[in-house]
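Engineer: Have a look at this one before I ask anything.
The values are calculated or read from the model by the stated rules, or taken from the named source; none is laboratory data. Every value quoted in this text rests on a predicted model; they were computed, and no experiment measured them. No Cβ is skipped: glycine too gets one built from the backbone with ideal geometry, and neighbour counts run over all protein chains shown.
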Amino acid sequence: MRFVRATSPGRCEPPGAPVPAARLRAVTADAYPDWDAVYRDNIGLVYRLMFAKVGNRADAEDLTTEVFLAVLRPLRLPASAGEVRAYLFATARTVLARYWTRTLGQPVTTLNEDPAEVFSAPQLESAAPQRAERILAALPARYRRILQLRFLDACSVAEAAQALGISVTNAKVLQHRALRRAAEIAAAME
Amino acid sequence: MRGIARYVDDLLRSRRPRRFRASEPDASVAQTAIMLRAARPGSGAPREEFVTGLHRRLASELDPPAPGRTVSRRKLVLRTAGVAAGTAVAGAAIDHGLTGLIAAPAADSTLTPQPGTWLTVAASADLPDGTVRPFSAGAISGFLERVNGRARAVSGICTHQGCKLALAGQPARLVCPCHGAAFALDGAVLTHRLPGSLSPLPRLAVRETGGTVQVYAPAATQSSPGQP
């Protein structure tokens, strides 16, 4: 059985849409001399972390802003990268928890990961696509296809419906069922 | 069901999802939708405009206007409004803790009780050079140490949340059982894992007289109400 890898370019995305280069870089220096260094080294990480937890840019930007405002002001520098990141992570966890409380009233996603793992670049790059791929692989073919088209390939409902040869209404129903099934599979994988 | 369908639709249209009261099944669908959306290639990278914009905002708030670090009232008000949420977060994060990351008050103080008196806490002979021993003098409990022939004393109560410190290690240090903070025997903070500041331990005035070591401590333990 063959299906499109989650990491392939989105078929419904505008051609040539640049995939921004990762802003991650390894921390070789032991300590951050000033807030600017903290910011430059971690803005990409914190944003990525938040995007993975909320799935949309507007909220990911707001939450990232909240984290840096809370962390940088009282920070005494120089401090080691490990310490600063642990503090960033702890703050991000609190910020995320409060976000869910005020939006859906449920802790939809949490930051329970080991900060050391989260802040190691390869892990951060690959965790979401791998997990998505495992879940998609466990779905019936049509369910997998609709989710692939809509979520990973950025297709509209109309485009997805056309690709599947079904009506828009049916595509909506199919997407909804597929997502519920995927949620069950995800829960079983925990 | 309406709420979650709209939520997923917002995510897919890259809009800020609208709020709704989610049930538990809704939450797990939302979680899956987020995970799938976040798996789209390139979606984890922040916009350049966002990165530079936030940098500018932080610079205006963090780099003090030269010279003299004065902040205009207007700016202070703006700041306060801007980070009201952030402050609460920093407070909430205290339990997670980290070492000396946050500016500590420049305190190194000697405890001077009023009224105070000299209380004998050890025999001089029991405190040879280089030794440390705990003492208790009414309201005060702490540690005595003799360094280069001179006796000195420091409070034995952690300045974070008041747990009693324990003597440990070589060289000797005072370790808090509650959150692991460690102090030197002169009261200085060695390490801690708290995001907030941690004050050094107060020292006590010490004297030796007639073969005894005395510390200057509160004259009497708290009298009960109603006593003259």
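Engineer: Give me a count of the residues in the range A:54-63 that are more than 7 Å from chain B (Cβ to nearest Cβ) and either buried (at least 24 other Cβ atoms within 10 Å of the Cβ) or touching a Phe, Trp or Tyr at 6+ places or on another chain (Cβ under 7 Å) (or both).
Structural biologist: The total comes to 2.
Engineer: When the residues of the range A:153-179 are filtered to those that are within 11 Å of chain B (Cβ to nearest Cβ) and of a type in the set (A, V, I, L, M), which remaining residue is surrounded by the fewest Cβ atoms within 10 Å (Cβ to Cβ)?
Structural biologist: It comes out as A:Val173.
Engineer: Out of the residues in the range B:180-210 meeting the condition of being over 16 Å from the mean Cα position of the chain (by Cα), among the aliphatic types (A, V, I, L, M) and assigned to a loop (DSSP other than H, G, I, E, B), tell me which one is surrounded by the most Cβ atoms within 10 Å (Cβ to Cβ).
Structural biologist: Among residues in the range B:180-210 that are over 16 Å from the mean Cα position of the chain (by Cα), among the aliphatic types (A, V, I, L, M) and assigned to a loop (DSSP other than H, G, I, E, B), the one surrounded by the most Cβ atoms within 10 Å (Cβ to Cβ) is B:Leu185.
Engineer: Which residue is farthest from B:Leu54 (Cα to Cα), if the candidates are limited to the range A:42-52 and must be within 8 Å of the chain's Cα centre (by Cα) and at the interface with chain B (Cβ under 7 Å from one of its Cβ atoms)?
Structural biologist: Top of the filtered list is A:Ala52.
Engineer: Residues A:Arg150, A:Arg76, A:Arg134, A:Arg85: which one is modelled with pLDDT under 95 and within 8 Å of chain B (Cβ to nearest Cβ)?
Structural biologist: A:Arg76
Engineer: To continue, here is another question. Return yes when B:Asp26 is within 12 Å of chain A (Cβ to nearest Cβ) and either loosely packed, with under 15 Cβ neighbours inside 10 Å or modelled with pLDDT under 80 (or both) and no when it is not. Write out each step before concluding.
Structural biologist: On the way: within 12 Å of chain A (Cβ to nearest Cβ): yes; either loosely packed, with under 15 Cβ neighbours inside 10 Å or modelled with pLDDT under 80 (or both): no.
Criteria not met by B:Asp26.
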